[in-house]
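Asker: Quick one: the structure is below, questions incoming.
Only the coordinates and a few stated rules stand behind these numbers; no lab work does. Computed from a predicted structure; not experimentally measured. As a convention, Cβ positions derive from the backbone with ideal geometry for all residues, glycine included, and neighbour counts pool all protein chains shown.
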Amino acid sequence: MIRLSNVEKVYRTDRIETIALSNVSLEVEAGELVSIMGPSGSGKSTLLHVMGLLDAPTRGSVELNGRKVDSLSDGALAKVRNAELGFVFQTFHLVPDLSVLDNVEVPFLYRGGGARERRRKAEAALDRVGLSARTRHFPSQLSGGQQQRVAIARAIVGSPRVLLADEPTGNLDSAMGDEVLALLSELNREDGTTVVMVTHDERQAAKTHRVVRLFDGRPVS
């Protein structure tokens, strides 16, 4: 599903060179629920961004579904991300002036298609996350947990094969965090969605199939 081979990511300024990832080789199989853990600055989010084609590796290669993708053009990468990947972040990134339903429809602005079909799929995604009664509300009218559910609905509305989540429970209390993880686990179990989640929470990580631990940009056993 996702394969990283000898990936290195270096950030350079005029004075400083920072190695965020060093010689990372990692494979995530289809249908896995994987958590990535490590101390702050260990490269967790950078790894997720490289896996999600949001950031290109300085060296090494990235494959998605058997296709090498790290050398694709920006336009081609955007198409792959939109068609095959879904993203959930710690901050919900909802548009405050759009209703819940309109927020979930946003990914279709880059895909085209009819308005009726977009609306049908957005409503189905919101029903899946238990928010069918909130379609006309605005983000400010929702709790943090509900906003994260909207973000998940937006991420899954296009039926991506891979869902990448960066600290999806980081801004939530433990009860809401458990609800969000339960939803991600349900998507993995029932839909076969491959889920890769960055987390600081050992309790949440213990509920995933596998934990990848990073230290100083390198996987450790």
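Asker: Mind telling me which of Asp102, Asp14, Asp178 comes out most flexible in a GNM of the chain, alpha-carbon contacts under 10 Å?
Answerer: Result: Asp14 has the largest fluctuation of those listed.
Asker: Then there's this: What is segment 119-196 by shape, rounded, prolate or oblate, if you read a ≥ b ≥ c off the alpha carbon gyration tensor as root eigenvalues and call it rounded for a/c under 1.5, prolate for a/b larger than b/c, and oblate otherwise?
Answerer: Numbers: a/c = 1.86, a/b = 1.07, b/c = 1.74.
Because a/c hits 1.5 or more and a/b fails to exceed b/c, segment 119-196 counts as oblate.
Asker: Could you name the lysines in cross-link range of Lys79, using Cα to Cα under 16 Å and dropping any fewer than eight places away on the same chain?
Answerer: Lys68
Asker: Between the alpha-carbon centers of segment 1-38 and segment 163-185, tell me the distance in whole angstrom.
Answerer: That distance is 22 Å.
Asker: Round to the nearest 0.05 the FRET efficiency obtained for His137 and Arg203 when R0 = 25 Å and r is the Cβ-Cβ distance.
Answerer: Numbers: r = 30 Å, r/R0 = 1.22.
My answer for the efficiency is 0.25.
Asker: Could you compute the FRET efficiency for Ala175 and Ser73, with r as their C-beta to C-beta distance and R0 at 45 Å, rounded to 0.05?
Answerer: On the way: r = 44 Å, r/R0 = 0.98.
With R0 = 45 Å, the Cβ-Cβ based efficiency is 0.55.
Asker: While we're looking at this one, here's another question. Grab the DSSP H runs of the chain that are 4 residues or longer, score each as -39,500 (n - 2.57), total them, divide by all residues and round the 222 nm result to the nearest 500 deg cm²/dmol.
Answerer: Details: 7 runs with 74 residues, N = 221.
Helix-only estimate at 222 nm: -10000 deg cm²/dmol.
Asker: Can I ask one more? Taking θ as phi - 60°, what are the ³J(HN,Hα) couplings along segment 194-208 by the Karplus curve (6.51, -1.76, 1.60), each to the nearest whole Hz, with x for Gly and Pro?
Answerer: 6, 10, 10, 10, 7, 8, 9, 8, 4, 5, 5, 4, 5, 8, 8
Asker: Here is a further query. Once you place label points 7 Å from the Cα toward the Cβ at Val211 and Arg119, how far apart are they in nm?
Answerer: Using points 7 Å along Cα→Cβ, the separation is 4.7 nm.
Asker: Another question about this same structure. Which one, Glu29, Glu202, Glu167, has the greatest fluctuation when you compute a Gaussian network model over the chain with C-alpha springs under 10 angstrom?
Answerer: Taking springs between Cα atoms under 10 Å, the residue moving most is Glu202.
Asker: For Thr135, Thr18, Thr58, what ranking results if the residue with the fewest other Cβ atoms within 10 Å of its Cβ goes first?
Answerer: Numbers: Thr135 18, Thr18 12, Thr58 15.
Listed from fewest to most nearby Cβ atoms, that is Thr18, Thr58, Thr135.
Asker: Among Phe87, Asn103, Leu72, whose Cα projects farthest towards the positive end of the dipole of segment 66-106, with charges put on the beta-carbon of Lys, Arg (+1) and Asp, Glu (-1)?
Answerer: Leu72
Asker: Restricting the count to DSSP beta bridges whose residues both fall in segment 139-221, what percent are antiparallel, rounded to a multiple of 5?
Answerer: 40 percent
Asker: Straight-line reach only, C-alpha to C-alpha below 18 angstrom: list the lysines that Lys44 could link to, leaving out same-chain residues fewer than 8 apart.
Answerer: Lys9
Asker: Right, another one. Ranking Ile16, Ile36 by Cβ neighbours within 10 Å, fewest first, what do you get?
Answerer: Values: Ile16 7, Ile36 27.
So the ranking, lowest neighbour count to highest, is Ile16, Ile36.
Asker: Report the one residue of Thr194, Gly170, Gly41 whose Cα lies farthest in the direction of the positive end of the charge dipole of the chain (charges on C-beta: Lys and Arg +1, Asp and Glu -1; origin at the Cα centre).
Answerer: In the chain, that residue is Thr194.
Asker: Which one, Ala165, Ala122, Ala30, has the greatest fluctuation when you compute a Gaussian network model over the chain with C-alpha springs under 10 angstrom?
Answerer: The residue with the greatest mean-square fluctuation here is Ala30.
Asker: What are the residues whose amide H is under 5 Å from the amide H of Leu163, where those residues sit 5 or more places off or on another chain and H is modelled from the backbone?
Answerer: Here Gly86, Thr194, Val195, Val196 satisfy the definition.
Asker: Ok, one more. Report the relative contact order of segment 83-221, percent, no decimals, based on alpha-carbon pairs under 8 angstrom and at least 6 residues apart.
Answerer: Working: 194 pairs, mean separation 39.6, N = 139.
Value for segment 83-221: 28 percent.
Asker: To continue, here is another question. How many percent of DSSP beta bridges within the chain run antiparallel, rounded to 5? Let's see the in-between values first.
Answerer: Details: 18 of 36 bridges.
Counting only bridges with both partners in the chain, antiparallel ones make up about 50 percent.
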